[in-house]
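K.L.:
Supplied in structure tokens, the structure appears directly below.
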Amino acid sequence: IEVLRPLKLDGTIQTNVHIGNDLRVLAMNHSSPTIDETTCKALTLDQRKKLQQLNAIGAWNGSMGVSGDKNQVKANIKKIMSRLKTIKGLKKIIVLDENQINSLTKICEKFTYFDFFKRNVRLLKKAKQGFELLTGTPPENSIQGCLWRTVDAPTEPTSNNPLNYNAGFIWVSPILPMGAFHLQKFNDLAKSIFAKYNFDFLDTLTMINKRSLSSVLTICYNKKDKNECIAAQKCHDELISMMLKNGYPPYRAGNLAFSKLNERNTAQQSFLKEIKKLVDPENILSPGKYI
């Protein structure tokens, strides 16, 4: 984040930068390998490292787009590459356009009986999904990310309706200042809450503008397990309380969160409530939502 922020500030990076941890990237194509007929457990660090190697991904993975005329794109890529190489532990930097992704995928698919090509098919598949995200095209299997801990989830989903799979998931979406201090502080607090309730920490970050990060945490759970349903609700409530206490408000919220959001007794909340009374004295517009 500290390396990318100046490039966002000076306009070198003009698109949103998407960063996902290993579990979030894995969830785009797989359900948790710890699922049995009725239960699921959070992955251990060793299990996660093995899955990273098998799927040719890192502990954190990012994608960004570079656009403009030929000379501008070339100059910006050179500058971005130079800065990225200063990141300690960075394993791979891949620059591809859509035609290259498609051509390389076809070549690798012909030789998948070799481990090298099999790994690269997986990697190119992730690159293709990242490219589609940057062009505003939802991935065909976007529903897969909701099925991480869904018992009896299909290997090839045929519907984009999570209700058809009885999928259990809750999104929590805070806004953070774009800096290493706040990101580390927030992730440490959030990870401990996920661990407390035995849920995998699926985390996506998006550099939505020059100074703000949006984070999307996914609480995936087994809806067939009543105890897990209760735990998911408690995990969500504790996350919302932690976010509000530390100054990381949600940029969007579901029905589960509004009761806690409305408890805020801040100057901003009071000011917004007064405005709402003026324009909506009968409290008709979304009563109980946000303000």
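The values are calculated or read from the model by the stated rules, or taken from the named source; none is laboratory data. In this text, all values refer to a predicted model and were calculated from it rather than measured experimentally. Cβ sites come from the backbone with ideal geometry, for glycine too, and all protein chains shown count toward neighbours. Calculation scope for accessible area: heavy atoms of the full protein, side chains included, ligands and nucleic acids excluded. Shrake-Rupley method; radii C 1.70, N 1.55, O 1.52, S 1.80 Å.
K.L.:
At a Förster radius of 45 Å, what calculated FRET efficiency corresponds to the Cβ-Cβ distance of residue 106 and residue 195, to the nearest 0.05?
P.N.:
On the way: r = 42 Å, r/R0 = 0.93.
Calculated value: 0.60.
K.L.:
If 118, 92 are ordered by their accessible area, calculated over protein heavy atoms with a 1.4 Å probe, which sequence runs from highest to lowest? Don't skip to the end; give the middle numbers.
P.N.:
On the way: 118 80, 92 120 Å².
Reading off the accessible areas and sorting them downward yields 92, 118.
K.L.:
Among 166, 71, 29, determine the one that fluctuates most according to a GNM of the chain built with springs between C-alpha atoms less than 10 Å apart.
P.N.:
Among 166, 71, 29, the largest GNM mean-square fluctuation belongs to 71.
K.L.:
Tell me the accessible surface of residue 115 in square angstrom (1.4 angstrom probe, heavy atoms of protein chains only), to the nearest ten.
P.N.:
100 Å²
K.L.:
How high is the relative contact order of the chain? Use alpha-carbon pairs under 8 Å, at least six apart in sequence, and give a whole percent.
P.N.:
On the way: 381 pairs, mean separation 63.6, N = 291.
For the chain, the relative contact order is 22 percent.
K.L.:
Anything over 30 Å Cα to Cα? Flag those among 88/118; 92/223; 78/128; 245/273, in the order listed. Display every interim value, and only then the final one.
P.N.:
On the way: 88/118 27 Å; 92/223 37 Å; 78/128 22 Å; 245/273 20 Å.
Result: 92/223 exceed 30 Å.
K.L.:
Here's something else I'd like to know. Looking at segment 210-286, which chymotrypsin sites (Phe, Trp or Tyr not before Pro) are DSSP coil and have at most 15 other C-beta atoms within 10 Å of their C-beta?
P.N.:
Working: sites: 221, 251, 258, 271; in loops: 251.
Sites meeting the loop and neighbour criteria: 251.
K.L.:
How large a share of the accessible area of the chain, in percent, is made up of carbon and sulfur atoms when the probe is 1.4 Å and the other protein chains stay in place? Could you put the intermediate results ahead of the total?
P.N.:
On the way: 9300 of 16920 Å².
Ligands and nucleic acids excluded, carbon and sulfur give 55 percent.
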